[in-house]
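Everything on this sheet refers to the single structure shown next.
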Number of protein chains: 6
Amino acid sequence: MTAPTSRRRLLLVNSNTDAAMTEWLAGKAMVADQGAELTIATAPFGASYVDSRADVVVAAHAILVAIAQASTETRFDACVIACFGEPGLGAARELFDFPVVGLAEAAMHSAAQLAPRFAICSRSTRWISMLEELVTLYGFRDRCAGIYALSALAPEAQTQAESTAALVRVMPDLLRESGAAALILGGAALTGIAAEVEAGIGLPVIDALTAGFAQAGVLAALRPGKAWSGPYSWPGHRDVTGLDAALAKRFQVPPGS
Amino acid sequence: MTAPTSRRRLLLVNSNTDAAMTEWLAGKAMVADQGAELTIATAPFGASYVDSRADVVVAAHAILVAIAQASTETRFDACVIACFGEPGLGAARELFDFPVVGLAEAAMHSAAQLAPRFAICSRSTRWISMLEELVTLYGFRDRCAGIYALSALAPEAQTQAESTAALVRVMPDLLRESGAAALILGGAALTGIAAEVEAGIGLPVIDALTAGFAQAGVLAALRPGKAWSGPYSWPGHRDVTGLDAALAKRFQVPPGS
Amino acid sequence: MTAPTSRRRLLLVNSNTDAAMTEWLAGKAMVADQGAELTIATAPFGASYVDSRADVVVAAHAILVAIAQASTETRFDACVIACFGEPGLGAARELFDFPVVGLAEAAMHSAAQLAPRFAICSRSTRWISMLEELVTLYGFRDRCAGIYALSALAPEAQTQAESTAALVRVMPDLLRESGAAALILGGAALTGIAAEVEAGIGLPVIDALTAGFAQAGVLAALRPGKAWSGPYSWPGHRDVTGLDAALAKRFQVPPGS
Amino acid sequence: MTAPTSRRRLLLVNSNTDAAMTEWLAGKAMVADQGAELTIATAPFGASYVDSRADVVVAAHAILVAIAQASTETRFDACVIACFGEPGLGAARELFDFPVVGLAEAAMHSAAQLAPRFAICSRSTRWISMLEELVTLYGFRDRCAGIYALSALAPEAQTQAESTAALVRVMPDLLRESGAAALILGGAALTGIAAEVEAGIGLPVIDALTAGFAQAGVLAALRPGKAWSGPYSWPGHRDVTGLDAALAKRFQVPPGS
Amino acid sequence: MTAPTSRRRLLLVNSNTDAAMTEWLAGKAMVADQGAELTIATAPFGASYVDSRADVVVAAHAILVAIAQASTETRFDACVIACFGEPGLGAARELFDFPVVGLAEAAMHSAAQLAPRFAICSRSTRWISMLEELVTLYGFRDRCAGIYALSALAPEAQTQAESTAALVRVMPDLLRESGAAALILGGAALTGIAAEVEAGIGLPVIDALTAGFAQAGVLAALRPGKAWSGPYSWPGHRDVTGLDAALAKRFQVPPGS
Amino acid sequence: MTAPTSRRRLLLVNSNTDAAMTEWLAGKAMVADQGAELTIATAPFGASYVDSRADVVVAAHAILVAIAQASTETRFDACVIACFGEPGLGAARELFDFPVVGLAEAAMHSAAQLAPRFAICSRSTRWISMLEELVTLYGFRDRCAGIYALSALAPEAQTQAESTAALVRVMPDLLRESGAAALILGGAALTGIAAEVEAGIGLPVIDALTAGFAQAGVLAALRPGKAWSGPYSWPGHRDVTGLDAALAKRFQVPPGS
């Protein structure tokens, strides 16, 4: 039994203001989800590389602007926010009527179906505490066995090849000691090396960007309608000042209007 | 930017010994995942309709037999165990080298990306306590706002049309009071009505079977290799007696052999 | 034994863009903390009344701008962010070198010292889900017995007198049934009525604004130095674009410079 | 004040298909509970030594068969399932009308009354992840300070004397570092050495088999009736195919019939 | 296979200063544990009926005195503190070298082996909050579905017959709604009626005093030695003033001396 | 905007029977809270230095006596129990009508506003397990990253200068590894050195005694009335025997009478 396939329209938003990185992420995403028609957008203001709570706060606002601008003309099947700190995730779910995916969330929900306990590794030590909070909020306190930063584990690793080698060297012991049996790699620096790392450590390795696009496929497949009540419903019209026009409109007319 | 799509080979295993139900579930699954090439299998022994812990224990064994028999010749990209009690899920992940999906797990991981808190409804009251344990194990203790049984909420509802009408009538108040903003429908009796219920209640409704196939797509997309150590690795050769030959072989040679 | 007192310099930032409300909150705050020298600031952009995740995302950015501008010339002993959703709280703790207080956080830590379990009531139903997440993050999952919205409990109550009367009428039963023995009132609409409500219900009632200023006193008394490592340390210099000049400077030079 | 004693009729079921081990366990059990009249049964199919999720799935079915066969003629005061993975525990509680005891569960409930936090040690590393799930389900997430496998701690230890010596050597440091003040020993390989280990480490050591028989005494003393509603009540008549006749009967007539 | 039985020496300490109640409890205990040789003791100071935190604080001290006095001459196999608030439980475990049992703890560990979730009912509403804390500490937050006070459910019920009738009337609905499938009865007023209540509601009912004596049997059977390090070890010699001589001695010489 | 200040009447109760230590603690407290009018009291019986569960049980009773005696003539704005084990805290909240503060509780609520995760260090290893229970009860299981005892970390450190040096040496690594970004120092031996330790480690250090007085200021500022129902309300008249007259009166007439 087989059946025809459909093509999804996906929006990829980069939380960093670096447009070249957006292109690079899009290339990686196309490998991850060959069935998608991809539109890309870059945060219009903020930090060139997001890895602190302050960066995330600014990026969250910038991402709402970017999605509002990109979706003025086009209706997407889903949107992927390419950032491990989930900037603006809940807010975008309120303002827009297509599913919105966060990379940390998508990766954790994927990993939890592949191993009793998983670990997370990103590049910067500043992500550790932010990810701790996401782990708690998402419910993975007992499923996440460790959160690591490559810059602490192997400060000398700079290139992707060096990062891969470092992960293959240090992760097996860390995973065995912590009881994790799958590893999430997140953040631009560690994107696209999951297959090589997995080959080296013999346990499932989840690329957060790939997981994000795969989970976007789930949400598009489920075709959930916009929530018309409750926490992710549209907040209702409100007076706003000083906002980008496309974003301001999202505070004034319901999605779909 | 667009790219070609690939066709996944999926195995659907019905935990109930009712082969007609397997056919019916396969029909629903084809709607859910039009890109899959689907093989079906039915539990070779046990209860015609599984809804108690004792049924699940027998079904878990039967499902391992069914997967072992179905995968002797064919290598699948993923397997979906069509049962809300996840019979044999972890064991199948040990014995086989393709990802295995459980419906309750898949539905919860999907719902958690659509609402801060979700509720679950199945037909039989006996599922409530079993789902409580899965909610705890999967990490959704704070995310799952309520677990309901339609047979308690609306004992008179027998057909799918009656079930739909009953859910549209009783669920809005239950969801608002519990704080849930998405609803999972699970179990054969409630499969295939999510869209109608969603239209009636104005909040996302997740069909567990659809979620199962969508999450199978995630795991196939991530292409995780077999874990070669840790809890889901192959247990190693062991002496077994009294088992079906196909299953016994899985205890004697590593997957892929 | 007695000893002389000192005068604290506190910054009150209103997350709503309504400057008249800022003045009104300052008046209430002066009652709460008569020993403080108070500076006030208003969010320079965003919603006139914040009560959704989208509002909070914009307010978080606006609050960082407001604190950056207000603290250019003055060094404060502590800052109080007057909003129940804690917009920008962690980010402000990174960027600035004085303690920053959130109202929900301050109120919960105060209530937890007055009763085994407490409840929270604000005006809008949209706060409920956001407060659920804060309750989880702050650790009060087992201590918070209920989160209520007056607009759902008593939609007709508009004035503060009506709100007081409604709370006195409905809260005793809700608190007894939930097991809560203290009540937090939060949000501008319910600020300044705690004493009257307490007199009516016979259980401790915590005004979130008062708690915020009181906890600011705690943090000022503890005189914690700036964290020079770890999650609330300064993130380090980064390239930012499109930001308010005062805020941009906070991303470029360490606090105290 | 003293009073006469009564003699309990207990059923011991071995999850492993090794009948000699059943005899050996019965000998140990008689030491543990000298007041019991003991009947023994061995899993009729499955692995000779159970230590993976796949083994447990098969053993769960086999144990239901074994209990059904053993209880056809005899009514027991309680049944002890001699396996650390609790195969079939909840299902047996549904199908039969005498209390059923699991060794891991019994040992944890006993240890929790002897120390603020306890640790668990079994022989095989594969138990660790399965025990993690039981610890979560049973509620001991904050009470269980560590789960260890002797085969990882001391791979060279093969005999019981070597295991005892190894535990006395390595456990004191592990317990002190983890904060555990009692130790559970589980699995056939570590049965019967608790007293020697305790003498060596100076902290309470719980033999899981002894705890199982002691807790069976508790449940027999409480003389709980069969639950006639709720999760452990009899599931009701159902159509089953391909099952052992004694087990099939338990799906068709209520216990006690 | 059968074996001879042994006779345990148990100490029953009543936390209430009412000596007639101690005798009555001893009578109930003899029914519960016919194999024990029972010594009884009564709190030498404090409240005649303990049901508040203040009562428990005083009772905890009094119980240490009572155990110290009773154990001067006799070595017990275990001690049961007959009070639902566990006064002095951890402290007694430090000072003495025989196992000490608390009724709430014993009842919860017993109930958790009889049902996925249980409920607790005692007479006074003041126990509810104290039991909440014990439920959290003991790990039963997800296993305990409700804590009730008969004085709130049925204020008119005074005699044991009236209490039994009231429980049979109100509990079935409360248990079904909360998902509890076993009921703990605690406190002197509800001691000794478990069998009648169980007959009326068709779910297991645990008498806390019976559970206490049964768990004392478990701890006696396990024969754990005194912990010589860690939290329940003897605290070491210390200077104390103003204490009963028998208790003061326990602070000055190790147990067993 | 500034306003006049008021002077609080605070009661400091030392749980240790060492009156010289009470004087010394009062001196430290005056530094912490220069606006308070301080009354001091010492436990009238028990251990000269409290650091075990048995000590805490006796101290809890003694502290109720001390507060009852001190408050016979004077009405306090708040009371601070100077002990890390919170002896008598909940009971005092029942019996008296002014807020009562515990040092561990106050310190944790303060630290939780200064860092995502904190650690605790006291002198004696016996505090570790007791603090574990408080951490669980207060809700800080996920916020407290570690509990340490200086006597285990640096047994040779005896004076405050040596303790300071030892903490500066060992804490940075422990905090970084555990993810804690603030440190609580508790117990008399570590009181008064927070500023020096903070200067040495570059992360906020909370002195528990200072936090206790600061949180007492919060509770005094909130001016909560006595709870007239629920868990901290007055228990009501009861028959007590063998108690100090001042304490006995508190069991017989409501606070304020």
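Name the residues in segment E:55-79 that are under 26 Å from F:Val65 (Cβ atoms) and touching a Lys or Arg at 6+ places or on another chain (Cβ under 6 Å), would you?
E:Ala68
Output the residues belonging to segment A:204-224 that are touching a residue at least 60 places away in the same chain (Cβ under 8 Å), within 20 Å of B:Glu196 (Cβ to Cβ) and part of a loop (DSSP other than H, G, I, E, B).
Within segment A:204-224, A:Pro224 is the sole residue that qualifies.
Any idea which residue in segment D:192-203 is farthest from D:Glu86 (Cα to Cα), counting only those that are among the small types (Gly, Ala, Ser) and in a loop (DSSP other than H, G, I, E, B)? Full working, then the answer.
First, pick out the residues of segment D:192-203 that are among the small types (Gly, Ala, Ser): D:192, D:194-195, D:199-200, D:202.
Subset that is in a loop (DSSP other than H, G, I, E, B): D:192, D:202.
Values: D:Gly192: 19, D:Gly202: 29 Å.
Looking at the filtered set, the residue picked out is D:Gly202.
Run down B:Ala59, B:Ala68 and say which single residue is within 14 Å of chain D (Cβ to nearest Cβ) and buried (at least 23 other Cβ atoms within 10 Å of the Cβ).
Values: B:Ala68 fails: buried (at least 23 other Cβ atoms within 10 Å of the Cβ).
Within the list B:Ala59, B:Ala68, the selection yields B:Ala59.
When the residues of segment D:211-228 are filtered to those that are at the interface with another protein chain (Cβ under 8 Å from one of its Cβ atoms), more than 30 Å from D:Ala188 (Cβ to Cβ) and touching a Pro at 6+ places or on another chain (Cβ under 8 Å), which remaining residue is surrounded by the fewest Cβ atoms within 10 Å (Cβ to Cβ)?
At the first step, the residues of segment D:211-228 found to be at the interface with another protein chain (Cβ under 8 Å from one of its Cβ atoms) are D:211, D:213-215, D:217-219, D:221-225, D:227-228.
Still in the list and also more than 30 Å from D:Ala188 (Cβ to Cβ): D:223, D:225, D:227-228.
Now narrow it down to the ones that are touching a Pro at 6+ places or on another chain (Cβ under 8 Å): D:225, D:227.
Working: D:Gly225: 15, D:Ala227: 22.
This residue is D:Gly225.
Residues in segment F:6-14: is at least one free of Cβ contacts under 8 Å to residues at least 60 places away in the same chain and in a loop (DSSP other than H, G, I, E, B)? It would help to see each step written out before you state the result.
Step one: list which residues in segment F:6-14 are free of Cβ contacts under 8 Å to residues at least 60 places away in the same chain, which gives F:6-7.
Adding the requirement that they be in a loop (DSSP other than H, G, I, E, B) leaves F:6-7.
For segment F:6-14, residues free of Cβ contacts under 8 Å to residues at least 60 places away in the same chain and in a loop (DSSP other than H, G, I, E, B): present.
Please verify whether F:Asp244 is more than 24 Å from F:Pro44 (Cα to Cα), crowded, with 17+ Cβ neighbours inside 10 Å and modelled with pLDDT of 95 or more, treating the condition exactly as stated. Before you say what the answer is, go through the steps one by one.
Details: more than 24 Å from F:Pro44 (Cα to Cα): no; crowded, with 17+ Cβ neighbours inside 10 Å: yes; modelled with pLDDT of 95 or more: yes.
No; evaluated as a whole, the condition is false for this residue.
When B:Gly146 is evaluated against the numbered criteria (1) over 13 Å from the mean Cα position of the chain (by Cα); (2) surrounded by 24 or more Cβ atoms within 10 Å (Cβ to Cβ), which criterion, by number, is the only one it fails?
Among (1) over 13 Å from the mean Cα position of the chain (by Cα); (2) surrounded by 24 or more Cβ atoms within 10 Å (Cβ to Cβ), the lone unmet condition for B:Gly146 is (2).
Within segment D:20-75, restricting attention to residues that are among the hydroxyl-bearing types (Ser, Thr, Tyr) and part of a strand (DSSP E or B), which residue is farthest from B:Ala62 (Cα to Cα)? Let's see the steps before the verdict.
Let us first name the residues in segment D:20-75 that are among the hydroxyl-bearing types (Ser, Thr, Tyr), namely D:22, D:39, D:42, D:48-49, D:52, D:71-72, D:74.
If we keep only those that are part of a strand (DSSP E or B) too, we end up with D:39, D:42.
Values: D:Thr39: 29, D:Thr42: 21 Å.
If we take residues in segment D:20-75 being among the hydroxyl-bearing types (Ser, Thr, Tyr) and part of a strand (DSSP E or B), then D:Thr39 is farthest from B:Ala62 (Cα to Cα).
Where in segment B:76-150 are the strands (runs of 3 or more DSSP E), entirely inside, with at least 2 residues that are free of Cβ contacts under 8 Å to residues at least 60 places away in the same chain?
Details: elements: B:78-82, B:100-102, B:118-122, B:144-149.
Filter on segment B:76-150 gives B:144-149.
Of everything in segment A:167-191, what is part of a helix (DSSP H, G or I) and crowded, with 19+ Cβ neighbours inside 10 Å? Give them in sequence order. Don't jump to the end; show me each part of the working.
Of all residues in segment A:167-191, those part of a helix (DSSP H, G or I) come to A:167-178, A:188-190.
Within segment A:167-191, A:Leu167, A:Met171, A:Leu175, A:Ala188, A:Ala189, A:Leu190 meet the criteria.
Just to be sure, is F:Thr136 of a type in the set (Val, Ile, Thr) and farther than 24 Å from C:Val218 by Cα? Working first, answer last.
Numbers: of a type in the set (Val, Ile, Thr): yes; farther than 24 Å from C:Val218 by Cα: no.
Here the answer is no, as F:Thr136 does not meet what is asked.
Name the single residue, out of those in segment E:149-162 being buried (at least 20 other Cβ atoms within 10 Å of the Cβ) and touching a Lys or Arg at 6+ places or on another chain (Cβ under 8 Å), that is farthest from the other protein chains (Cβ to nearest Cβ).
So in segment E:149-162, the residues buried (at least 20 other Cβ atoms within 10 Å of the Cβ) come out as E:149-150, E:157.
Adding the requirement that they be touching a Lys or Arg at 6+ places or on another chain (Cβ under 8 Å) leaves E:149-150.
Details: E:Ala149: 11, E:Leu150: 16 Å.
In this case the residue turns out to be E:Leu150.
From the list B:Ala189, B:Ala245, which one is within 14 Å of chain D (Cβ to nearest Cβ) and more than 30 Å from A:Ile201 (Cβ to Cβ)? Give the derivation first.
Working: B:Ala189 fails: within 14 Å of chain D (Cβ to nearest Cβ).
Sole residue among the options that is within 14 Å of chain D (Cβ to nearest Cβ) and more than 30 Å from A:Ile201 (Cβ to Cβ): B:Ala245.
For D:Leu38, indicate whether it is within 12 Å of another protein chain (Cβ to nearest Cβ) and crowded, with 24+ Cβ neighbours inside 10 Å.
Judged against the criteria, D:Leu38 is not a match.
Quick check on C:Val57: is it touching a Phe, Trp or Tyr at 6+ places or on another chain (Cβ under 9 Å) and under 30 Å from C:Ala152 (Cβ atoms)?
Details: touching a Phe, Trp or Tyr at 6+ places or on another chain (Cβ under 9 Å): no; under 30 Å from C:Ala152 (Cβ atoms): yes.
Here the answer is no, as C:Val57 does not meet what is asked.
Of all residues being more than 20 Å from the chain's Cα centre (by Cα) and facing chain D (nearest Cβ under 7 Å) in segment E:192-210, which is surrounded by the fewest Cβ atoms within 10 Å (Cβ to Cβ)? Just the residue, please.
E:Gly202
When the residues of segment B:79-93 are filtered to those that are more than 20 Å from B:Ile184 (Cα to Cα) and crowded, with 24+ Cβ neighbours inside 10 Å, which remaining residue is farthest from the other protein chains (Cβ to nearest Cβ)?
Among residues in segment B:79-93 that are more than 20 Å from B:Ile184 (Cα to Cα) and crowded, with 24+ Cβ neighbours inside 10 Å, the one farthest from the other protein chains (Cβ to nearest Cβ) is B:Cys79.
Yes/no matrix, rows are residues, columns are (1) in contact with a Gly (Cβ under 9 Å, 6 or more places away or on another chain); (2) at pLDDT below 95:
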site	(1), (2)
E:Ala145	yes, no
E:Glu156	no, no
E:Leu175	yes, no
E:Ala180	yes, no
E:Ala189	no, yes
E:Ala195	yes, no
E:Gly217	yes, yes
E:Leu222	no, yes
E:Val240	yes, no
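The values are calculated or read from the model by the stated rules, or taken from the named source; none is laboratory data. Worth saying up front: this structure is predicted, and the values here are computed from it rather than measured. Note that each Cβ is placed from the backbone with ideal geometry, even for glycine, and that neighbours are counted across all protein chains shown.
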